[in-house]
Every structure is written in structure tokens, then in C-alpha cells.
Amino acid sequence: MTRVLGIDPGSQRTGIGIIDTDVSGKAVHVFHATLKLLGNDSFALRLKQIFEETSAVIETYRPDEVAIERVFMAKNPDSALKLGQARGAAICAVVTRNLTVAEYAPKEIKQAVVGGGGADKTQIQHMVCVLLQLTGKLQADAADALAIALTHAHTRATTQRIGIPRTAWRRRR
């Protein structure tokens, strides 16, 4: 079994999801949480919280691999910059523990989990619950983090099965 940590970074909420997966890509839910960041007095303290809480999750659950959502260009440049900084805080927590980070575009994640790149949050939440056999409604950011971990697990299993690196068959944007 390989333990995969998925991270859905955000400047207001950051989703964390952990699954265990076997060589075929079958996944089992381990943990999920949403880091609520709005209680901080400054944006810098939000970044500190992302770093510290992600570090604590890594220490507790000891993932083997980590996947994170790639930045997409939002309509608001300020939002995109804050998202990039949130990603940076999470990535720093990961690499200081000598783990590598795989990155996935939002459309790749939606395609892998729902079957279509234009899926909405509700569809992602539903499919994550189905794939991981969870009951109840997941918070959207936690569901996204689990979707990122599932995407990585499925991609990893496929690349091992076909023997071609992900970079060779992934469509460039």
C-alpha cells in the first residue's frame, strides 16, 4: 500500500485528504480535513497556519507521496497570487520532509474522478464519496483534496501498468 496526501490549497480554506492505494489504484480513505484560515489576523498568519498544519498532518500520517492542485489563472489576479502563495506554503511543508510533489490541473482532476473536465463541486463531492465508500456530505475543499489524491493514485497505477512516464502522455497546455 502507498499512502497519498492530496492538497487543495486556498487562501481561505485548504483541503487535506489522505488515502491508501494499492498497485491497481484501488483506494481506501484514511483522513480528510479542511484548514479554516479566516480566523487569522493577517494573510501571513494564514500561510503560517497552512505550513504548520500541513506539517502536522505529514508527521501524523506519514504519506509516501503527495499531490497538489496546480494554479489556474483566475479572473482576479490578486486571488491567483494568494492561491500561489498558499500552494507555496503547503509545498514547503512537503519538501521540508523530503517528499516530492506531483501537480495536477483542475481539469485533469475532474476528468479522473468524474469523467469530464467540466464537472462542478457537487459532482466531485458525490464521486469521491462513491469511490471511497464514504457516507454523508463532504466539505468541498476536503472532497477536492481527496479527488487530487485519487487522481494521483489512478495516474500512478496507469503509468506503472503501461510503463510510460506521465510526462510522455500528458497533454501540454
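Each Cα pair under 8 Å and six or more residues apart adds its separation to the average, and for the chain the resulting relative contact order is 29 percent.
Please list, by residue number, everything in region 1-26 whose backbone N is under 20 Å from a paramagnetic label point 7 Å out along Cα→Cβ of Q160. Inside the label zone: 1-7, 18-26.
Extending 7 Å from Cα along the Cβ direction at N98 and again at A56 yields two label points whose distance is 2.5 nm. Between L134 and Q12, the modelled label-to-label distance comes to 2.0 nm, taking each label 7 Å out from Cα in the direction of the beta carbon. The calculated 222 nm mean residue ellipticity attributable to helices in the chain amounts to -16000 deg cm²/dmol, summing -39500 (n - 2.57) over DSSP H runs of n ≥ 4 and dividing by all residues. Among S55, S24, S11, S79, sorting on how many other beta-carbon atoms sit within 10 Å of each Cβ, with the fewest leading, yields S24, S79, S55, S11. Here the spin labels are modelled as points 7 Å beyond Cα on the Cα-Cβ line, and at A80 and L45 they lie 3.0 nm apart. From most to least packed by mean Cβ count within 10 Å, the peptides 15-21, 34-40, 3-9 give 3-9, 15-21, 34-40.
Quick note: the coordinates plus some simple rules give every number you see, no bench work behind them. Keep in mind that this is a model prediction, so the values were computed, not measured. Glycine gets a Cβ as well: all are built from the backbone with ideal geometry, and neighbour counts include every protein chain shown.
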